[in-house]
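Colleague: Let me begin by handing over the structure; questions about it come next.
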Amino acid sequence: MKLASLKGGRDGRLVVVSNDLAWYSPADRIALTLQDALDDWERCEPELRGLAESLEHGSVPQARFHEHDAMSPLPRAYQWADGSAYVNHVALVRQARAAEMPESFWTDPLMYQGGSDGFLGPRDPIPLKNEAWGCDMEGEIAVVTGDVPLGASREAALKAIRLVMLCNDVSLRNLIPGELAKNFGFFQSKPASAFSPVAVTPDALPNFKDGKLHGKLEVELNGKPLGEADAGVDMTFDFGTLIAHAAKTRALSAGTIIGSGTVSNRDAGGGPGKPIAQGGVGYSCLAEVRTVETILAGKPSTPFLKAGDVVRIQMADDKRRSIFGAIEQEVAAE
């Protein structure tokens, strides 16, 4: 089942989308918004599934689905917590800084709590007030949970996953060092993120197994391939582990979004990943490109995003059909 929120009000209008992303049917008789559906999932989920099945058979009113009309599936959320499940990414960044990585990073997930009071739509511009801040995209996978009790196990956490989607976690890289130096975490360096036009239930994703979504996350910059790392490879912490980590000291409310962190694969030879042009799988963010350049050449040569740059993030199935729709955003000077 695929769900989306069309533009209309602060929280959008919930619709069910066909598997091929061509059509939608309004879900307002079941729930007005996606958050409404998540709050009453036991009642709404079977009714939404029935509507989705009817849409596939053409037996309910339908209209063309246009990704430009979609907001992020949850235009705002009660909670957005982003992990760093791909420890390879963390290890590379620290290697470039000649900083030792604690062994605990391989056993205890990193996680920060981001702003969730408003997300960018999948086709909204990325507002950038100052290019010196070092604007970067981060291609990620994210899940939306139902209610998760305090102290939930990994197994219970996996059962709480309601939806899966893609994410562009926008980062202002040059603001990060100053914030981390205060030993109090990110804030200004993490502006609004964007999510894919469509969120998908795990059962509709054959490649979602054991808390990991397997498949190439395609990241493009200005129409050229930047990355195609497999999201199911080199993921040190699956989503069950990430959710359980977040719930260790607090219960999570329905509608909580948990991110994977930047999808990152090591090279087949065990070293830093290679660009696609050199036979590698590339990178899901510019920081990793610059990190590898620093390791190999002593300094980075790839610039961060500037006004006019266009970022595109998507994932296709084995028949090259888009699964979630595409995040496509142009950087806009503010």
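The values are calculated or read from the model by the stated rules, or taken from the named source; none is laboratory data. Remember, predicted model here, so these are calculated numbers, not experimental data. Every residue, glycine among them, receives a Cβ derived from its backbone with ideal geometry; neighbour counts consider all protein chains shown. What goes into the accessible areas is simple: the full protein's heavy atoms, side chains included, and nothing from ligands, DNA or RNA. Shrake-Rupley method; radii C 1.70, N 1.55, O 1.52, S 1.80 Å.
Colleague: For HIS57 paired with TYR78, estimate the spin-label separation in nm (one decimal), with each label point 7 Å from Cα along the Cα-to-Cβ line.
Modeller: Going by the 7 Å Cα→Cβ label model, 3.5 nm.
Colleague: Dipole of the range 1-144 (Lys/Arg Cβ +1, Asp/Glu Cβ -1, origin at the Cα centre): which of THR33, GLY114, GLY9 lies farthest to the positive side?
Modeller: Value: GLY9.
Colleague: If you rank HIS57, HIS89, HIS68, HIS245 by how much accessible surface each has, with a 1.4 Å probe, what is the order from largest down?
Modeller: Details: HIS57 135, HIS89 20, HIS68 115, HIS245 60 Å².
Putting HIS57, HIS89, HIS68, HIS245 in descending order of accessible area: HIS57, HIS68, HIS245, HIS89.
Colleague: Determine which residues of the range 109-139 fall in the zone a paramagnetic label at LYS248 would reach in this model, i.e. backbone nitrogen under 13 Å from the point 7 Å along Cα→Cβ.
Modeller: Taking a point 7 Å out along Cα→Cβ of LYS248, the residues of the range 109-139 whose backbone N falls under 13 Å are 109-112.
Colleague: So what's the angle, to the nearest 10 degrees on a 0 to 90 scale, between helix 41-56 and the longest Cα principal axis of the chain?
Modeller: Roughly 80 degrees between the two axes.
Colleague: Can you tell me, using C-alpha contacts under 8 Å and at least 6 residues apart, the relative contact order of the chain as a whole percent? Write out the running numbers ahead of the final one.
Modeller: Values: 828 pairs, mean separation 75.5, N = 334.
Reported relative contact order: 23 percent.
Colleague: Restricting to lysines 8 or more places apart or on different chains, can you count the pairs in the range 130-250 with Cα atoms under 24 Å from each other?
Modeller: Values: LYS159/LYS209; LYS159/LYS212; LYS159/LYS248; LYS182/LYS190; LYS190/LYS248; LYS209/LYS248; LYS212/LYS248; LYS216/LYS224.
Here the count comes out as 8.
Colleague: If you take the alpha carbon radius of gyration of the range 1-148 and divide it by 2.2 N^0.38 Å, what ratio comes out, to two decimals? The partial results should precede the final answer.
Modeller: Details: Rg = 19.2 Å, N = 148, 2.2 N^0.38 = 14.7 Å.
It is 1.31.
Colleague: Mind pulling the angle between the C-alpha long axis of helix 286-297 and the longest principal axis of the chain? Nearest 10 degrees, somewhere in 0 to 90.
Modeller: That helix lies at roughly 20 degrees to the long axis.
Colleague: A further question follows. Taking a spot 7 Å from the Cα of ASN130 along the direction of its beta carbon, which residues of the range 166-197 have an amide N less than 18 Å from it?
Modeller: 171-182, 186-192
Colleague: Plugging the Kirkwood radius over Cα pairs into Stokes-Einstein for the range 176-334, at a temperature of 10 °C and a viscosity of 1.306 mPa s, what D comes out in µm²/s? Working shown, then result.
Modeller: Working: Rh = 17.7 Å.
Rounded to a whole number, D works out at 90 µm²/s.
Colleague: Additional query: What's the whole-number percent of alpha carbon pairs in the range 203-276 lying beyond 18 angstrom?
Modeller: Values: 1407 of 2701 pairs.
The answer is 52 percent, as a whole percent.
Colleague: To continue, here is another question. Compute the acute angle (0 to 90°) between the alpha-carbon long axis of helix 87-96 and the principal axis of greatest extent of the alpha-carbon atoms of the chain; round to the nearest 10°.
Modeller: Between helix and principal axis, roughly 30 degrees.
Colleague: With each run of n ≥ 4 DSSP H residues scored as -39500 (n - 2.57), what mean residue ellipticity at 222 nm is computed for the chain after dividing by its residue count and rounding to the nearest 500 deg cm²/dmol?
Modeller: Details: 7 runs with 63 residues, N = 334.
Computed ellipticity for the chain at 222 nm equals -5500 deg cm²/dmol.
Colleague: Suppose accessible area is computed on protein heavy atoms with a 1.4 Å probe; arrange TRP41, TRP106 from highest to lowest.
Modeller: Working: TRP41 35, TRP106 110 Å².
Of TRP41, TRP106, the descending order of accessible area is TRP106, TRP41.
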